[in-house]
1. Any residue at all in the stretch 140-156 that is touching a strand residue (DSSP E or B) at 6+ places or on another chain (Cβ under 8 Å), modelled with pLDDT of 95 or more, outside the structural domain of residue 205 (by TED's automatic domain parsing) and surrounded by 15 or more Cβ atoms within 10 Å (Cβ to Cβ)?
2. Within the stretch 115-127, is even one residue part of a loop (DSSP other than H, G, I, E, B) and under 16 Å from the mean Cα position of the chain (by Cα)?
3. Return the total of residues in the stretch 207-224 being in a loop (DSSP other than H, G, I, E, B) and without any contact (Cβ under 8 Å) to a residue 40 or more places away in the chain.
4. Determine which member of the set 23, 30, 54 is out of contact with any helix residue (DSSP H, G or I) (no Cβ under 6 Å at 6 or more places or on another chain), under 22 Å from residue 129 (Cα atoms) and surrounded by 21 or more Cβ atoms within 10 Å (Cβ to Cβ).
5. Filter the stretch 206-228 for residues that are out of contact with any helix residue (DSSP H, G or I) (no Cβ under 8 Å at 6 or more places or on another chain) and surrounded by 14 or more Cβ atoms within 10 Å (Cβ to Cβ); which is modelled with the lowest pLDDT?
6. Kindly provide the set of residues from the stretch 90-105 that are surrounded by 13 or more Cβ atoms within 10 Å (Cβ to Cβ) and in contact with a strand residue (DSSP E or B) (Cβ under 8 Å, 6 or more places away or on another chain), ordered by number.
7. Could you list, in sequence order, the residues of the stretch 139-159 that are over 16 Å from residue 29 (Cβ atoms) and assigned to a helix (DSSP H, G or I)?
8. For the stretch 160-176, how many residues meet the condition of being surrounded by 20 or more Cβ atoms within 10 Å (Cβ to Cβ) and either within 12 Å of the chain's Cα centre (by Cα) or not in a strand (DSSP E or B) (or both)?
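The values are calculated or read from the model by the stated rules, or taken from the named source; none is laboratory data. No experiment lies behind these values; they were computed from the predicted model shown. Cβ placement follows ideal geometry from the backbone for every residue including glycine, while neighbour counts extend to all protein chains displayed.
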C-alpha cells in the first residue's frame, strides 16, 4: 500500500479520502480558496488524503498550494498515469495517441462551429491527452462562452462518444468545463484503486456517466466506499465541515 502508515495504532484502518482537484477543491482552472486551503491544511495533517486529477503536476501546483500538495500521501496526476509523493515521481505511463487519433481530433476541431479557438487544443501529458475545442489558453470570458455552447450543443459528449465508437484502445471522457480526457483502456482514474485497502470516501464533480470521475466513482462504490458528487469546491468544504470524523 501507499505512502505513510494508514492505520491507527490500534490497528483500525483510517478512512482514505480521495479528492478530484478541478471543480472539487478549486474553481475550474483556478487557485484554491485561501480560507479553504487553511482549513484543508489541518484536515490533511490529521487524515489520509490523496489527490487524483487529469492535470499534470505543474498545473496542479498552480491550483493547490505546495504545502498542501506535500501533505497528501500521494498525488495521482494525469488520471493516475503519473504518480507523485511530494517531490518524488513514483511512476509514469508513456502512452500517447497514434497519428491517426491525433488527426481525427484535428478534424473535429476544424468541424466545430465554436469561435474563438485560441490554440493549444491538444495537450499531451504522461499517459493522457487532453483535447479542447476552445483551447487551453482561453481566458475566463472565452471559457464561459464555450461552457454555454457546450451545454447547448453537447459537443464534448458527442465527440467523446464518437471517439469511443471509433477507437478501441483508449477512452475519451468529458473533463472539467472545456476539455475531453483521453486515456488508454484501464488508464483512467479507476486504476488508482489497486493502491488502496480499507474504507474510502471519494469527492468528485464529474462522477456521472461520461465524466472523468465516473470510473473511479464506480470502483469506489463497488468496493463499498462512499462517493460524494459535488458541484463546486464550496460543496466540498461544506460537506467536510459536517463530517463527524473531521479533526
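1. Yes, the stretch 140-156 contains a residue that is touching a strand residue (DSSP E or B) at 6+ places or on another chain (Cβ under 8 Å), modelled with pLDDT of 95 or more, outside the structural domain of residue 205 (by TED's automatic domain parsing) and surrounded by 15 or more Cβ atoms within 10 Å (Cβ to Cβ).
2. Yes: the stretch 115-127 contains one or more residues that are part of a loop (DSSP other than H, G, I, E, B) and under 16 Å from the mean Cα position of the chain (by Cα).
3. Of the residues in the stretch 207-224, 5 are in a loop (DSSP other than H, G, I, E, B) and without any contact (Cβ under 8 Å) to a residue 40 or more places away in the chain.
4. None of the other options fit; the residue is 23.
5. Only one residue tops the list, namely 211.
6. Within the stretch 90-105, 90, 92, 93, 95, 96, 97, 101, 102, 105 qualify.
7. Hits for the stretch 139-159 are 148, 149, 151, 152, 153, 155, 157, 158, 159.
8. Summing the residues that are surrounded by 20 or more Cβ atoms within 10 Å (Cβ to Cβ) and either within 12 Å of the chain's Cα centre (by Cα) or not in a strand (DSSP E or B) (or both) in the stretch 160-176 gives 6.
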